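Taking it in order: structure first as structure tokens, then the write-up.
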Protein chains: 2
Amino acid sequence: MPVIPGPDDVLAAAERLAPHVVTTPLLESPLLDARVGGRLLLKAEMLQRTGAFKWRGAMNRLLQLSDDERRRGVVAFSSGNHGQAVAAAARRVGTSAVVVMPADAPRMKVDRTRAHGAEVVLYDRLRDDREAIGRRLAAERGLVLVPPYDDPMIAAGQGTLALEVARQASGLGARLDAFLVPCSGGGLAAGCALALERESPGTEVYTVEPAGFDDMARSLAEGRRVENRAGGRSICDALLAAAPGEMTFEVNRPRLAGGLVVSDEQVLDAMAAAFDALKVVVEPGGAVALAAALSGALDCRGKTVAVVLSGGNVDPETFARALSRSPA
Amino acid sequence: MPVIPGPDDVLAAAERLAPHVVTTPLLESPLLDARVGGRLLLKAEMLQRTGAFKWRGAMNRLLQLSDDERRRGVVAFSSGNHGQAVAAAARRVGTSAVVVMPADAPRMKVDRTRAHGAEVVLYDRLRDDREAIGRRLAAERGLVLVPPYDDPMIAAGQGTLALEVARQASGLGARLDAFLVPCSGGGLAAGCALALERESPGTEVYTVEPAGFDDMARSLAEGRRVENRAGGRSICDALLAAAPGEMTFEVNRPRLAGGLVVSDEQVLDAMAAAFDALKVVVEPGGAVALAAALSGALDCRGKTVAVVLSGGNVDPETFARALSRSPA
């Protein structure tokens, strides 16, 4: 059985992370509110260090390395944002990092990971097993493996995002009816569900995934972990995990209201809407929760809904593609 | 002689505006710091209501309308952001607005101004006198003229931006060596200079203008108000005022360290850098201060420099143009 974190672990992470994270703003837009017929509170996590929420979990893990572990260094496997975060966190705590990334990850994510001083090992996303590569490197070189989601310290760190949202919403006098969170392996969702269980117990938490990678939605519906069908494609490079994590699913299964699914077209529309109405840069995987609100995958009419914009690490070509669409 | 505002007017504006403005975040980027060899503190004012700092001045003016003035309504002339702000502020305080805008203003600025419920009157920027049109409408319809910069209440409202910056920087333990502010008619610069005179007296304030519209830089150098030469062109649609305001120049002349000038190419590069490193959307006129830092127009090496990103209201086509450039 995996170690399951609880709400107290998120509170402890928030205290540990306080000097290290940006308290990202909770944005509002009358234009978007009019479009959905409700009130959206949008967590601008692209303004976090390294441009995504992954910094929270990575720092929470690396701040808990022992002196011996810090001397040895860490290894992470990641589609990009976790790798960048681990690379930057490693530099900050004074250790070294190896990051295993897919060869087709966005160029900027690979470049940034290297710029933070990490050694990057590329693999073929369709043929190789990244976890096996990570485990082999950990064993061969004596490195500490920092998994992207299926780890209690990682999930607790990610959950600090929802703690902030709950407190910011409370400062606005708003009661959250629902909380929409992008989902790949489910670490962010798990951490947020734990935080909200404590801070905002009436709030319904929904994961959002891209079509073809709706493993969490189907797993929640079936009550057991199921994998994605092979051969799916999506522009949401950050959300391509094959199945929910074991630990994250244990946390999420009893706590989540359900899993929503959006198309790549709806994601591009959400990226354009964030540009237009919010003036922020959201990457495809970071825009799925907004896409769920704008497309009606969740009916927001008359509700107050927190929407996590989870990251902004997108190549200019992909962003320009979102902008070149005619407005919805 | 025009009425000249003082630092106390900025403090009073901050108190008046507190329930109405977003305290926009002060961003930092290790990537940009490495590029300039100093520390940049970037005021993300595209996250302000209506996407630009103009909301501050417009609200400060409209909150001081008498009951009679509020019944009559207001008229503003504007390249776009002031018009949007006056339109939205009018709706908020319960009055009506007419906005005089150039026919070649970005489509989104015209659309947004109308969406806020204002009547838009278009004029030809090269042939018509927008101030005369505004004055005529004010006289004919009994409207209150809300000028874009040459007004003590407007400038004091804009200055609240620098108050926030000074306090945010102080919270970071940072001492500001310089403050870079985009400049058209000089209202934002004047308000900021007044605020910093009180809150951060050692800070050198520089205006930044696009090449061909460097009236403030030349006016500061000559010690008297001079106009732009005719026929200039720039992508900075928000910064095309013909000459410094009379009041704003009185405030700025003794207080500013100088005026810097950047090219359109440097502006596009700064927009791309903000996308890449900060994950925010900056319009051309909002990016000139960042362009001054990144281009070396101000040598930032070893300095802590506040950079105002003053707005984010840019058409997708123009933004895509900035993104399509190869990185500097």
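The values are calculated or read from the model by the stated rules, or taken from the named source; none is laboratory data. It should be emphasised that the depicted structure is a prediction, and the values quoted were computed from it without experimental measurement. Ideal geometry is used to build each Cβ from the backbone, glycine not excepted, and the neighbour counts take in all protein chains shown. These accessible areas exclude ligands, DNA and RNA; they are computed on the full protein's heavy atoms, side chains included. Shrake-Rupley method; radii C 1.70, N 1.55, O 1.52, S 1.80 Å.
At a glance:
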{"read-out": "Selection status of B:Glu28, acidic (Asp, Glu), in contact with a Lys or Arg (Cβ under 8 Å, 6 or more places away or on another chain) and either within 13 Å of another protein chain (Cβ to nearest Cβ) or open to solvent by 10 Å² or more (accessible area, probe 1.4 Å) (or both)", "value": "yes"}
{"read-out": "Options A:Ser66, A:Ser79; residue that is away from chain B (no Cβ under 14 Å) and surrounded by 21 or more Cβ atoms within 10 Å (Cβ to Cβ)", "value": "A:Ser79"}
{"read-out": "Answer residue from the stretch B:317-326, given it is more than 8 Å from every other protein chain (Cβ to nearest Cβ) and hydroxyl-bearing (Ser, Thr, Tyr) and is nearest to B:Pro182 (Cα to Cα) among those", "value": "B:Thr318"}
{"read-out": "Failed criterion for A:Ala243 (all others in (1) touching a helix residue (DSSP H, G or I) at 6+ places or on another chain (Cβ under 7 Å); (2) more than 24 Å from A:Leu176 (Cα to Cα); (3) surrounded by fewer than 24 Cβ atoms within 10 Å (Cβ to Cβ); (4) within 14 Å of chain B (Cβ to nearest Cβ) hold)", "value": "(4)"}
{"read-out": "Residue within the stretch B:125-143 that is part of a loop (DSSP other than H, G, I, E, B), touching a residue at least 40 places away in the same chain (Cβ under 8 Å) and within 20 Å of B:Val314 (Cα to Cα) present", "value": "yes"}
{"read-out": "Positions within the stretch A:267-285 being within 14 Å of another protein chain (Cβ to nearest Cβ) and among the hydrophobic types (A, V, I, L, M, F, W, C), in sequence order", "value": "A:Leu268, A:Met271, A:Ala272, A:Ala273, A:Ala274, A:Phe275, A:Ala277, A:Leu278, A:Val280, A:Val281, A:Val282"}
{"read-out": "Per-region count, the stretch A:49-63, residues within 14 Å of chain B (Cβ to nearest Cβ), crowded, with 24+ Cβ neighbours inside 10 Å and out of contact with any strand residue (DSSP E or B) (no Cβ under 8 Å at 6 or more places or on another chain)", "value": "2"}
{"read-out": "Residue, nearest to B:Cys183 (Cα to Cα), within the stretch B:64-94, restricted to residues that are among the β-branched types (Val, Ile, Thr) and touching a strand residue (DSSP E or B) at 6+ places or on another chain (Cβ under 6 Å)", "value": "B:Val86"}
{"read-out": "Which listed residue is open to solvent by 10 Å² or more (accessible area, probe 1.4 Å) and either touching a His at 6+ places or on another chain (Cβ under 8 Å) or modelled with pLDDT of 95 or more (or both), from B:Lys303, B:Lys279", "value": "B:Lys303"}
{"read-out": "A:Leu126 more than 23 Å from A:Pro284 (Cβ to Cβ) and hydrophobic (A, V, I, L, M, F, W, C)", "value": "no"}
{"read-out": "Complete set of residues in the stretch B:154-187 that are hydrophobic (A, V, I, L, M, F, W, C) and either under 12 Å from the mean Cα position of the chain (by Cα) or closer than 23 Å to B:Leu220 by Cα (or both)", "value": "B:Ile154, B:Ala155, B:Ala156, B:Leu161, B:Ala162, B:Leu176, B:Ala178, B:Phe179, B:Leu180, B:Val181, B:Cys183"}
{"read-out": "Only one of A:Val93, A:Val100, A:Val110 that is touching a helix residue (DSSP H, G or I) at 6+ places or on another chain (Cβ under 8 Å), under 23 Å from A:Arg125 (Cα atoms) and more than 14 Å from chain B (Cβ to nearest Cβ)", "value": "A:Val100"}
{"read-out": "When residues of the stretch A:123-182 are limited to those that are more than 27 Å from A:Ala105 (Cα to Cα) and among the polar types (S, T, N, Q), the one surrounded by the most Cβ atoms within 10 Å (Cβ to Cβ)", "value": "A:Gln168"}
{"read-out": "Residue satisfying condition, being hydrophobic (A, V, I, L, M, F, W, C), within 14 Å of another protein chain (Cβ to nearest Cβ), closer than 22 Å to A:Ala105 by Cβ and buried (at least 21 other Cβ atoms within 10 Å of the Cβ), within set A:Val314, A:Val308, A:Val262, A:Val288", "value": "A:Val314"}
{"read-out": "Failed item, numbered, when B:Thr23 is tested on (1) open to solvent by 20 Å² or more (accessible area, probe 1.4 Å); (2) over 18 Å from the mean Cα position of the chain (by Cα); (3) within 13 Å of chain A (Cβ to nearest Cβ); (4) of a type outside the set (D, E, K, R)", "value": "(2)"}
{"read-out": "Condition met for B:Gly231 (in contact (Cβ under 8 Å) with a residue 40 or more places away in the chain, at positive phi and away from every other protein chain (no Cβ under 14 Å))", "value": "no"}
{"read-out": "Where A:Arg198 falls short, out of the listed (1) surrounded by fewer than 19 Cβ atoms within 10 Å (Cβ to Cβ); (2) modelled with pLDDT under 95; (3) of a type in the set (Lys, Arg)", "value": "(2)"}
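To keep it simple, each residue is scored yes or no on (1) acidic (Asp, Glu); (2) in a strand (DSSP E or B).
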{"position": "B:Ser170", "(1), (2)": "no, no"}
{"position": "B:Arg175", "(1), (2)": "no, no"}
{"position": "B:Tyr206", "(1), (2)": "no, yes"}
{"position": "B:Phe213", "(1), (2)": "no, no"}
{"position": "B:Glu227", "(1), (2)": "yes, no"}
{"position": "B:Ala230", "(1), (2)": "no, no"}
